[in-house]
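Take a look at the structure set out below.
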Amino acid sequence: MKIQPLEHEKFYHIFNRGNNGINLFYDADCYYHFLRLYEKYIEPVAETYAWCLLKNHFHLLVYIKSQNEIDNRKLKYSTVEKPRIISASKQFSHLFNAYTQAINKRFKRTGSLFEKPFHRKLVASNDYFQKLVVYIHNNPVHHGFCKNINDYPWSSYGSIISEKPTKIKRKEVIDVFYNLDNFIAYHNQNQDFFDIDDLIIE
């Protein structure tokens, strides 16, 4: 099956799990390192609207920036010549490869860590966007890591409901739910995810 590259100026749900269901994250340092690499490889090419990292899988909701915006960002670091075009799809691959190398070195393991290719699904409506945000944030509850999403540290939920500086597109996400109170209330309702059940990773 041919995998379509990520297109500019579109929203995507990016998700994947450990190869054969193995763990991706072993301790807090692993989560932090993944997020540092995410900032390095993904922030230049995409804006992040929601994320959640669990032991053996992850979910991301991102908007791929325009080619012009990516080029302008790169040009800040080079006044000699225009750098080569950066592919958003390749940046995600670089992220996963860099993280795999770090984990393999630290834990003296070999081989692939993530399933290949990584999953991507176009988000083409506000309704789907809204349900996806709630699904991503509720993933730790769904998998039994916590009873309340407020208690889980490795997702964007806490950043969105706080007033602390964040690179998450907080205002834009809240606007989809009209206001912060609705955002919180919607997350605490029993939701029907039937139309996006193909996103569930067990």
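Of the strands (runs of 3 or more DSSP E) lying entirely inside region 1-72, none contains at least 2 residues that are among the aliphatic types (A, V, I, L, M) and farther than 21 Å from G158 by Cα.
One residue alone among I174, I149 is more than 16 Å from L35 (Cβ to Cβ), more than 14 Å from the chain's Cα centre (by Cα), without any contact (Cβ under 8 Å) to a residue 24 or more places away in the chain and surrounded by 15 or more Cβ atoms within 10 Å (Cβ to Cβ), and that residue is I174. For region 90-129, a residue qualifies if it is under 16 Å from the mean Cα position of the chain (by Cα), over 21 Å from Y63 (Cα atoms) and not in a helix (DSSP H, G or I), and the qualifying residues are F114, E115. Residues in region 157-169 that are free of Cβ contacts under 8 Å to residues at least 40 places away in the same chain and in contact with a Ser or Thr (Cβ under 7 Å, 6 or more places away or on another chain): S159, T166. I168 meets all of the listed conditions (1) in contact with a strand residue (DSSP E or B) (Cβ under 7 Å, 6 or more places away or on another chain); (2) part of a helix (DSSP H, G or I); (3) closer than 28 Å to Q4 by Cβ but one, namely (2). Of all residues assigned to region 149-156, none qualifies as being in a helix (DSSP H, G or I) and over 20 Å from F58 (Cβ atoms). Looking across region 6-15, the residues that are touching a Lys or Arg at 6+ places or on another chain (Cβ under 9 Å) and on the phi < 0 side of the Ramachandran plot come down to L6, H8, Y12, H13, I14, F15.
Table: residues versus (1) in contact with a Phe, Trp or Tyr (Cβ under 6 Å, 6 or more places away or on another chain); (2) at pLDDT below 90; (3) under 30 Å from H143 (Cβ atoms); (4) surrounded by 11 or more Cβ atoms within 10 Å (Cβ to Cβ).
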{"position": "K65", "(1), (2), (3), (4)": "no, no, no, yes"}
{"position": "N72", "(1), (2), (3), (4)": "no, yes, no, yes"}
{"position": "K76", "(1), (2), (3), (4)": "no, yes, no, no"}
{"position": "P83", "(1), (2), (3), (4)": "no, yes, no, yes"}
{"position": "A88", "(1), (2), (3), (4)": "no, no, yes, yes"}
{"position": "N97", "(1), (2), (3), (4)": "no, no, yes, yes"}
{"position": "I103", "(1), (2), (3), (4)": "no, no, yes, yes"}
{"position": "R106", "(1), (2), (3), (4)": "no, no, yes, yes"}
{"position": "E115", "(1), (2), (3), (4)": "no, no, yes, yes"}
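The values are calculated or read from the model by the stated rules, or taken from the named source; none is laboratory data. Bear in mind the structure is a predicted one, so any value in this text is a computation, not a measurement. With ideal geometry, Cβ positions are generated from the backbone for all residues, glycine too; neighbour counts draw on all protein chains shown.
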